[in-house]
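Read the structure below first, then the notes.
Coordinate-derived values only; no laboratory data. Being a predicted model, the structure only gives us computed values, none of them experimental. In this analysis, Cβ positions are derived from the backbone assuming ideal geometry, glycine residues included, and neighbour counts consider all displayed protein chains.
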Amino acid sequence: MKIPLFNAAPASPAPRLYFVNPVVDFACIGGASILTFVVLALVYRAGAVQATWLWTAAAVLTWVCNYPHFAATNYRLYQSKENVSQYPLTAFVVPPLVAAGMAASFMQPNVVAPYFIKLFLLWSGYHYSGQAVGITLVYARRAGFALGRLERLALSGFIFGTFLLAVARSETAAGTYSYYGISYPTLRLPQYVAILASYAMWMCGLLFLLLVVGWCVANRRVLPPIVLLPTGAQLLWFVLGSGDANFNVFVPFFHSLQYLLIAWPMHLKERMDTKGIEPSRRYVARESLRWGALIVAVGGFLFWMLPHTLASSTGYGYQLAAPIVLAGVQIHHFFVDGVIWKLKNPKVSSPLLVNIEQLARPDASTVRRPVTMPVETPGGIHQPA
C-alpha cells in the first residue's frame, strides 16, 4: 500500500489565524524575542559585554509576565468545582507531593535540595518544548494545516531535540552548577551525546521542513509563517542564542508571553460560555483587567510572599527558602499544565479557535466560522464539533 507523505487534501484559508492581530501575535509568539536577540547581539557584541541593567529589566518583567503566567495556570485549574472534579489527581494529589519534596529539601538542604532543583531545571526545558509543540499545533489548525503522524513526529523531534541538545551541551561538564545559591551536580554525559543530539535534531527539522514544502505544493499555497514561528523561537532560545547571557535572562519572559497570549482569550471565552455573557468590548476590557489583576496578585504571593514568609517563620533563611519554593511552585505548574491543555479535550480545543474580535463584537461570530477539520494531536485524531 502506498502511504502518502503529504496531506494533499484541499485546504481552505483560515478565517481567523490570529488571536489578536498579526502584529500582536507575531510579537508574543516569538517575533519580539528574535528582535531582542538581534538588537542585543549588535549592541553588546553577542554577550561579550555584560549589561547589568538588562538583569534589572528582566527582574521587573517577571512581575508583569513571568509570575502571572504561573498564576494563570493555577487559576485555570482551581477556578471552579467542575475543573477540580475533572482533574482530581492533579488538583488534590500533586500539591502534597510537591510540598513533600519541598519539606525534604528544607530538612536535607545538602542531600535532597540539589536533586529537587535538578528535577525542576530539567523539567523546565521539557515544559518549554511541550508548549512550543502545542502552540504550533494550534496555529497549524487555525491555518488549515492538518498534521499527520509523520509531520507531528518530525515537529516534536525537532523541538524536543533543541531541549535535548541544550541539556547534552550543559551536562557534559564535570562539577556543579548553582541555582540561587544551591549547588547541584551535572549529569556528566559523554561528549558524543551532544553530537548525536545535534544530528537527530537537524534531521527531524529537515524532515519537517520537507513535509511543509510538500504540503504547500500539494495545496498550492504558502503556509503562514506564524505556524513555524514557535519552532524558530525555540531554536533560538535553546541552541542559537544559548551562549548570550544578556539575551538568556529574557527567555523566561518570552516563554510566559507566549503562554499568556493563548490563555487570555481562552479565559475570556470560557467565562463567557459559563456565565452566558454576550460578546462586547466592555466585557473584554472589564474581565481582562480583573483576570490580569488577579494573576499578578497571585503570582506575587507565590514567588515573593510565600518564600519570604517561609524564610521568616521557619528560620531557614531566604537564601534557602527562595530556590526551594520557586522550584516547587514551578514543578506544580508543570504538572498542572500537562493536563489542562490537552488538545484532544473539546473544552480546550474549541475555545482555542476564537479571537479577541469575536469576543468584543456581538456580530463577529456570525461573519466567519473557524476551519473545522480533523486534526492530529498528541492524544490522537480529534474531530471538532
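Based on the mean of other Cβ atoms within 10 Å per residue, sort peptides 118-124, 143-149, 56-62 so the most packed one is first.
Numbers: 118-124: 17.4, 143-149: 19.6, 56-62: 14.1.
Averaged packing, sorted descending, gives the order 143-149, 118-124, 56-62.
Tyr177's amide H: which non-local residues (gap 5+, or another chain) put their own amide H closer than 5 Å, with H modeled 1.01 Å from N in plane and none for Pro or chain starts?
Tyr184, Thr186
Using a cut-off of 19 Å between alpha-carbon atoms, which aspartates and glutamates can reach Lys81, once sequence neighbours fewer than 8 places away in the same chain are excluded?
Leaving aside aspartates and glutamates fewer than 8 places away in the same chain, those within reach of Lys81 are Glu270, Asp273, Asp337.
Could you derive backbone 3J(HN,Hα) for region 67-74 from the dihedral phi with the Karplus parameters 6.51, -1.76 and 1.60 (θ = phi - 60°), listing whole Hz in sequence and x where the residue is Gly or Pro?
My calculation for region 67-74 gives 4, x, 5, 5, 5, 4, 5, 4 Hz in order.
Can you grab the distance from the C-alpha centre of region 117-157 to the C-alpha centre of region 172-223, Å, no decimals?
If we compute the Cα centre of each part, the gap is 12 Å.
How high is the relative contact order of the chain, in percent, with contacts defined as C-alpha pairs under 8 Å that are six or more residues apart? Mind dumping the intermediate values first?
Values: 483 pairs, mean separation 121.9, N = 385.
Averaging sequence separation for qualifying contacts and normalising by length gives 32 percent for the chain.
Please report Lys275, Lys269 as a ranked list, fewest other C-beta atoms within 10 angstrom at the top and most at the bottom. Could you put the intermediate results ahead of the total?
On the way: Lys275 9, Lys269 20.
Going from sparsest to densest Cβ surroundings: Lys275, Lys269.
Among Val212, Pro68, Gly144, pick out the residue whose Cα is farthest towards the positive end of the charge dipole of the chain, where Lys and Arg carry +1 and Asp and Glu carry -1 on C-beta, about the Cα centre.
Final value for the positive-end residue is Gly144.
Neighbouring Cβ atoms within 10 Å as the yardstick, rank Ser170, Ser178 fewest first. List each step's numbers first, then the result.
Details: Ser170 16, Ser178 11.
Listed from fewest to most nearby Cβ atoms, that is Ser178, Ser170.
Of Cys216, Cys28, Cys65, which has the largest mean-square fluctuation in a 10 Å C-alpha GNM of the chain?
Among Cys216, Cys28, Cys65, the largest GNM mean-square fluctuation belongs to Cys216.
Quote to one decimal, in nm, the extra length available between Val93 and Tyr180 on full extension: 0.36 nm per residue of separation minus the C-alpha distance between them.
28.5 nm
With +1 assigned to the C-beta of every Lys and Arg and -1 to the C-beta of every Asp and Glu, and no other charges, what is the dipole magnitude of the chain about the Cα centre in debye, to the nearest 20? Spell out each step's value before the answer.
Working: 27 positive and 13 negative charges, 164 e Å.
For this selection, approximately 780 debye.
Excluding Leu207 itself, calculate the net charge of residues whose Cβ lies under 13 Å from the Cβ of Leu207, where each Lys or Arg counts +1 and each Asp or Glu counts -1. Provide the component values of the computation, followed by the final result.
Values: positive: Arg149, Arg152; negative: Glu151.
Counting the neighbours of Leu207, the net charge comes to +1.
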